[in-house]
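The structure under discussion appears below in the form of structure tokens.
The values are calculated or read from the model by the stated rules, or taken from the named source; none is laboratory data. Bear in mind that the values here come from a model prediction, so they are computed numbers and not experimental data. Here the Cβ positions follow ideal geometry from the backbone for every residue, glycine too, while neighbour counts run over all protein chains shown.
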Amino acid sequence: MTAKTASFGARDVDAREKPALVRAVFDSVASRYDLMNDLMSGGVHRLWKDAAAARLNPQPGETIIDCAGGTGDMARRFARLARAARSRRGGDEAKVLVVDYNAKMVAAGRDREADRQNGGVAVAWPDILWSVGDAQALPLPNACADAYVISFGLRNVTDIDKALREARRVLKPGGRFLCLEFSRPTSAALRRAYDAYSFAVIPRIGEIVAKDRDSYAYLVESIRRFPDQMRLAGMMRAAGFGQVNVTNFTGGICALHQGWAL
């Protein structure tokens, strides 16, 4: 019997091989990941992330899972907003749990935090916890979180449906699910321009800055294989989420999917 396959960039591979292949990609890019995001998007990814964090609206006392949280870029946004809400309203400190499959990405996030502390740029983040774990089998109990966010990570899992079901499992009733991910531009003209930029420019930037063209070629290809807005919304509903809605950013280059564990 033929083994189940999974997409890895433009090609299909044995599903059992994909985790190791993805791990190798992020092992390679971890140290330059945040810089590359700025270069590839012209800094626009920061606006998308700010919008997603504002939509989440973290509150005091909440437990928030930042799945595929990598270097903690989103987790720090959540912690800042939760702290601001706590200063206005009081209450317990929120906890943000970063869970990422790649240990080097988690280490890069911790190193970045340590560098900022040593440089006097920022205080410690006691409300952010770090963990290595699989989005398809989270090391967490049922109904333990108030919110679950996965940003630019869902397309890298082997089984998207399984990851969505796992997100639903760890959310409390009424918990919020947000997925921020590259998606399908809404106009044909923008799709053509975006394809031309993505395939010609992004791998070249990766080659020059991160010394790794192949990993960034994979990232571009993985975006093209990822379900579009409506298909992903349907997958969320099938996983048990209700009141699913989609917000397109920058003409659909990026999309924010939101649902509730009802």
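Could you give every pair whose Cβ atoms fall below 9 Å, whose first residue belongs to segment 139-165 and is under 19 Å from GLN229 (Cβ atoms), and whose second residue is part of a helix (DSSP H, G or I) and of a type in the set (S, T, N, Q), counting only separations of at least 6 or pairs across chains?
As it stands, the answer is PHE152/ASN37; ARG155/SER222; ASN156/SER222, since those pairs meet every condition given.
Step by step: first the residues of segment 14-40, then only those that are closer than 13 Å to ASN156 by Cβ and basic (Lys, Arg), then the one that is surrounded by the fewest Cβ atoms within 10 Å (Cβ to Cβ). Which residue is that?
ARG23
Name the single residue that is farthest from LYS211 (Cα to Cα) among those in segment 8-36 being in a strand (DSSP E or B) and in contact with a strand residue (DSSP E or B) (Cβ under 7 Å, 6 or more places away or on another chain).
Ranking the qualifying residues of segment 8-36, first place goes to ASP14.
Of all residues in segment 93-131, count the ones that are under 19 Å from PRO19 (Cβ atoms), modelled with pLDDT under 95 and of a type in the set (Val, Ile, Thr).
Counting residues in segment 93-131 that are under 19 Å from PRO19 (Cβ atoms), modelled with pLDDT under 95 and of a type in the set (Val, Ile, Thr) gives 1.
Sort through GLY43, GLY69, GLY90 and tell me the only one that's surrounded by fewer than 16 Cβ atoms within 10 Å (Cβ to Cβ) and either in contact with a strand residue (DSSP E or B) (Cβ under 6 Å, 6 or more places away or on another chain) or free of Cβ contacts under 8 Å to residues at least 24 places away in the same chain (or both).
GLY43
Can you work out which of the residues in segment 236-262 that are in contact with a strand residue (DSSP E or B) (Cβ under 9 Å, 6 or more places away or on another chain) and in a helix (DSSP H, G or I) is surrounded by the fewest Cβ atoms within 10 Å (Cβ to Cβ)?
ARG237
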